[in-house]
Amino acid sequence: PQGISSLFSSLKVVRLLRLGRVARKLDHYIEYGAAVLVLLVCVFGLAAHWLACIWYSIGDYEVIDEDRNTIRTDSWLYMLGDTIGSPYRFNASAGRWEGGPTKDSVYITSLYFTMTSLTSIGFGNIAPTTDGEKIFAVAMMMIGSAQLKQMARCFVFYRNNVMNVSCKDNCRSNFLMNKGALLYATIFGNVTTIFQQMYANTNRYHEMLNSVRDFLKLYQVPKGLSERVMDYIASTWSMSHGIDTEKVLQICPKDMRADICVHLNRKVFKEHPAFRLASDGCLRALAMEFQTIHCAPGDLIYHAGESVDSLCFVVSGSLEVIQDDEVVAILGKGDVFGDVFWKEVTLAQACANVRALTYCDLHVIKRDALQKVLEFYTAFSNHFSRNLLLTYNLRKREDYICYISGHILYSPIYLYSGQIGHFGLDTTAAAITQYTLQSICDYGTVFLLLIYAQVLIPN
């Protein structure tokens, strides 16, 4: 009965074949580097455990000759017992051999031997001496030989399709000649791939920075501009993590790409009433034409005198509009600037500079792209024309009105001229300051208005 019970217990090992399912799905989860790395180490440890059990079974079977009732002094178990001070002893009264190393010591030593063999280290203090031990050691060396490290590297390159044909042919030959080496090559090949992926983005980032530094140095770009370039690259990378959005979108089919674009521009579509009556098809067509622009502090989005060919929606950050060296507007989240070119025939020239005060994200759509969508969706075009209000129109000069993130204030020149009294408002600096603090949305611009109230407005 005990033998039958042991047999059924041994059959449970067949369940371990389910690990093949894990191996088949490993490529789908390879991006989770830490988890896969832990899994691979566990698989390697499990394989070492199985081999350690086989190594112990060989030694336990060969150390004592049951037919002759003798012991083999060249067995690794016998030498281990002598080394640790637990030798085998013959019990004359019982007529059998007793003693030897403990089970714990035997297992630890077996695992130590298999680990050193699989990793091709092999210190030699535990060595095979009998025929059975040598045959098993040969199999171990086929799994963990040093030359298979090159095979593991070939395995990684083959997966990434970055090696030439001759290297592929060599790898195929190695796989055919060393089928037992697939465990080592697969596990450590995947570990190498994981580490490469973990540092791929970091390496790409530093390579890009080095290229930009060399460019700036070669063409002797001024220090101030160089610092702006480096700051822009660092801030953009920190937000995008090196992901090329356009490249990802090109991979997707058209329908999926449109859905992704609608999601990326959802803030613009939800915040502005002009898009509320747009159909799904219209929103998808518009979303495909939008572009996202990241601006660093000091970047000029528009220069005075250049053509206004885009409509810009501010998603985050703050910008200032400068006209005649005077700040006439502060734009923030939810504001829109550009030109109402769907109502105009000619292309406008910007009457002011638009400069980023903080890091900004703008969603921009070109004039031609917007007009194409409006011409196709006529019903939406009428609703869009009536409901889209520009926070600042770059076509028209604003002499007296100052926009502060969606709130209309009066410009310092207008206040200084005393014309504000026509509206029945308090012209004292305290009153203007209080009104400014209540009206302003972007707290980063408070200092500008305080200067205006204290310096340019008389008490």
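The values are calculated or read from the model by the stated rules, or taken from the named source; none is laboratory data. Model, not experiment: these values are computed from the prediction. Note that each Cβ is placed from the backbone with ideal geometry, even for glycine, and that neighbours are counted across all protein chains shown. Heavy atoms of the whole protein, side chains included, go into the accessibility calculation; ligands, DNA and RNA do not. Shrake-Rupley method; radii C 1.70, N 1.55, O 1.52, S 1.80 Å.
A few notes on this one:
- Taken over segment 287-308, the residue count meeting the criterion of being in a helix (DSSP H, G or I) and open to solvent by less than 10 Å² (accessible area, probe 1.4 Å) is 1.
- Residue pairs whose Cβ atoms lie under 8 Å apart, sitting 6 or more positions apart in sequence or on different chains, and linking a residue in segment 65-76 that is on the phi > 0 side of the Ramachandran plot and at pLDDT below 85 to a partner that is open to solvent by 60 Å² or more (accessible area, probe 1.4 Å) and charged (D, E, K, R), are ASN69/ARG96.
- Pair list, Cβ < 6 Å and 6+ apart or interchain, from segment 265-286 residues that are touching a residue at least 40 places away in the same chain (Cβ under 8 Å) and assigned to a helix (DSSP H, G or I) to residues that are small (Gly, Ala, Ser) and surrounded by fewer than 18 Cβ atoms within 10 Å (Cβ to Cβ): GLU271/GLY334
- Complete set of residues in segment 221-244 that are on the phi > 0 side of the Ramachandran plot and small (Gly, Ala, Ser): GLY242
- Sole residue being in contact with a Lys or Arg (Cβ under 8 Å, 6 or more places away or on another chain), at pLDDT below 95 and surrounded by 15 or more Cβ atoms within 10 Å (Cβ to Cβ), chosen from LEU249, LEU311: LEU249
- Every listed requirement among (1) in contact (Cβ under 8 Å) with a residue 24 or more places away in the chain; (2) surrounded by fewer than 15 Cβ atoms within 10 Å (Cβ to Cβ); (3) of a type outside the set (A, V, I, L, M, F, W, C); (4) more than 26 Å from HIS206 (Cα to Cα) is met by GLY242 save one, (4).
- Single unsatisfied condition, LEU209 versus (1) modelled with pLDDT under 90; (2) surrounded by 12 or more Cβ atoms within 10 Å (Cβ to Cβ); (3) in a helix (DSSP H, G or I): (1)
- Selection count, segment 212-237, where residues are open to solvent by 50 Å² or more (accessible area, probe 1.4 Å) and either small (Gly, Ala, Ser) or assigned to a loop (DSSP other than H, G, I, E, B) (or both): 3
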